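Worksheet: one structure, shown below.
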Amino acid sequence: MYKIVFTRRSLKDLENIDKYIQNRIAVKLKEYTKEPQKYGKKLINHKIGTYRFKIGDYRVIFDIDKDTKVVLRIGHRKGIYK
C-alpha cells in the first residue's frame, strides 16, 4: 500500500471542488493506493505528471516514488491538461 502525499497545489485544487466530488475523489484515492499502476494510466506528456486516475469528469495527476504516491494536480478533465 502506498502513502498518499498531496502537494500544496493539489490541496488548493481540491478546495475549489464541490464537497460531494471531494468525498468521491477521497474514496477512490484510498481504493487506488493498493495498486496505483493497475488503475492509473501513464501520461504521454510527463510535463504535469507521470500517471492519472479518472474519477468521473475529474482527473488526479500523480507520480509514484518508492512507497509514496505524490498527488500533483486535481481538476476537471476540461482544463487539467492545459
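How many nm is it between the label spots at N45 and K12, if each spot is 7 Å from the Cα in line with the beta carbon?
Calculated label separation equals 2.0 nm.
Most exposed first by the Cβ proxy, i.e. fewest other Cβ within 10 Å, how do T7, T68 rank?
T68, T7
Once you have the Cα-Cα distance between E35 and D63, take 0.36 nm times their residue separation minus that, and quote the gain in nm to one decimal.
Taking 0.36 nm per residue and subtracting the Cα distance, the gain is 8.8 nm.
Only helical DSSP H runs with n ≥ 4 go in: add -39500 (n - 2.57) per run for the chain, normalise by residue count and round the 222 nm mean residue ellipticity to 500 deg cm²/dmol.
Per the formula, -9000 deg cm²/dmol.
Just so you know, all these numbers are worked out from the coordinates, no wet-lab data involved. As the structure is a prediction and not an experimental result, all values here were calculated from the model. We place every Cβ from the backbone using ideal geometry, glycine too, and count neighbours over all the protein chains shown.
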